[in-house]
Amino acid sequence: MADLAEALDIYDAGSSARLDFSETLFFCPVGVAWLEAQVLKARSRGVNVHPAVGQENNEKYRYLLRTRTSLASPAELSTRRTIPLQHFPRRDIGGFVEYLRSVWLRQLRRLGEHERGYLVTTVGEIFENVFLHAESPVGAVVVGQHYAKPFSPSKAELHLAVVDVGRSIPVKISESMQRESSRVDHAEALRVAFQPHLSTDGLVFGTGLPMFRKFIEKNDAEVELYSGRGWATIGRSSNFRNNSFTVPGTAYDMILRGIDWVPGGEETFF
Amino acid sequence: VRISLADQCGKYLGRSEGSELALFLRDNIPTDQLAEVDFAGVDTALPSFFNALIGTLAENQGLPWIGERLKPVNMSDLLSKSWANALKNASISDAEAESMWSAAEKSLLG
């Protein structure tokens, strides 16, 4: 992820970058959202980003079309399992809420209104952070995916990736401490950001990410995130560590599993 | 006085709406009156809405003011929980907050 960001940063306004997917083995949802965010960022600097010639029959490239990235148009229709990508250039809580309800959660027909509201509200907090804390120059890119497990429906997964290219969580925390971000332990910064009462802007009212963590832990879900040099997984077990590379902004990959959190039902995602 | 949130701030509420509403309430509620904050028509209110609303009011007017002057009405269970959580957060004393930050800063700087 960091390599692509660095590679596109080298291009000047007016130049052209062509992306070749012939060696790409796999795209996870957060990879798709990350790619789109980097393309949007490069384009906002005046760099022309296009797919390389001859990608038409490339399976991975076709997946990017199905997710409706901006690399080609018209996009193919998304499949039942591919949840189309959506770019939110501005803070539009209503638009995000409607995307979650009508697109991301559309298969979960038996999910109760209360649980739906709880889920949307909790995830909405991440979206709010993109605009209030990260101040991402291209806003937020969101995409999802269903992973079916036909012989074991309780292990089916629903992913949601939310990516921004603004200030990372560790950078924001460093700013509120008035310290250079290079002097702050980025893994520890992520740990602090998910603790109750400590927020990324140094106030005691920070509850967005801690609430999100509580939701994840209570519902046997999982979130993996990259932010600055920090990496974390939160869920069945929580791990925080420093990477050898730095990503601009924050990339979340949230995974909801099976039926455990669907009240009273044998609901599957498909 | 009854304040319709849907009319005042819209159907979807986040942190900026919470801060703006707090300042509106601070400046517009007469000292001898109770304000009913009406959630009818609100689709989604993020936790940061409640934190900004109650946090800003607690900082400006104090927690007792919120209890005596504000009465939330037409709230779902989810919204009631968020309101209660925000009140709980705002009740943390400055000394407690300072101590938490000081411990965090030590770990952040290694």
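Residues of the stretch A:10-35 being within 23 Å of the chain's Cα centre (by Cα) and polar (S, T, N, Q), which ones?
A:24
Any residue that is part of a helix (DSSP H, G or I) and among the polar types (S, T, N, Q) - is there at least one of those in the stretch A:105-123?
Yes, the stretch A:105-123 contains at least one residue that is part of a helix (DSSP H, G or I) and among the polar types (S, T, N, Q).
Can you confirm whether residue A:209 is in a strand (DSSP E or B) and at pLDDT below 90?
On the way: in a strand (DSSP E or B): no; at pLDDT below 90: yes.
When the stated conditions are applied, residue A:209 does not pass them.
Just one of B:32, B:38 is on the phi < 0 side of the Ramachandran plot and without any contact (Cβ under 8 Å) to a residue 12 or more places away in the chain; which is it?
Numbers: B:38 fails: without any contact (Cβ under 8 Å) to a residue 12 or more places away in the chain.
Sole residue among the options that is on the phi < 0 side of the Ramachandran plot and without any contact (Cβ under 8 Å) to a residue 12 or more places away in the chain: B:32.
State whether one or more residues within the stretch A:145-156 are within 13 Å of the chain's Cα centre (by Cα) and farther than 21 Å from residue A:239 by Cα.
Yes, the conditions are met somewhere in the stretch A:145-156.
Checking residue A:174 against (1) away from chain B (no Cβ under 14 Å); (2) closer than 24 Å to residue A:210 by Cβ, only one condition comes out false. Which one?
Here residue A:174 meets the rest and fails (1).
Just one of the numbered conditions (1) surrounded by fewer than 16 Cβ atoms within 10 Å (Cβ to Cβ); (2) in a helix (DSSP H, G or I); (3) at the interface with another protein chain (Cβ under 9 Å from one of its Cβ atoms) is not true of residue B:68; which one?
(3)
Taking the conditions exactly as written (surrounded by fewer than 19 Cβ atoms within 10 Å (Cβ to Cβ) and at pLDDT below 90), does residue B:81 satisfy them or not?
Judged against the criteria, residue B:81 is a match.
State which residue is surrounded by the most Cβ atoms within 10 Å (Cβ to Cβ) when the search covers only the stretch B:1-46 and only residues that are assigned to a helix (DSSP H, G or I) and small (Gly, Ala, Ser).
Filtering the stretch B:1-46 for residues assigned to a helix (DSSP H, G or I) gives B:5-9, B:15-28.
Checking the rest, the ones that are also small (Gly, Ala, Ser) come to B:6, B:16, B:18-19, B:22.
Details: B:6: 16, B:16: 17, B:18: 25, B:19: 18, B:22: 21.
Result: B:18.
May I ask you to list the residues in the stretch B:80-95 that are out of contact with any Gly (no Cβ under 9 Å at 6 or more places or on another chain) and more than 8 Å from chain A (Cβ to nearest Cβ)?
B:80, B:81, B:83, B:84, B:88, B:91, B:93, B:94, B:95, listed by residue number.
Look through the stretch A:177-206, keep the residues that are more than 10 Å from chain B (Cβ to nearest Cβ), surrounded by fewer than 22 Cβ atoms within 10 Å (Cβ to Cβ) and assigned to a loop (DSSP other than H, G, I, E, B), and return whichever of them is modelled with the highest pLDDT.
A:180
The values are calculated or read from the model by the stated rules, or taken from the named source; none is laboratory data. The model shown is predicted, which means the values in this text are computed figures rather than measured ones. Cβ atoms come from the backbone with ideal geometry, glycine included; neighbour counts cover every protein chain shown.
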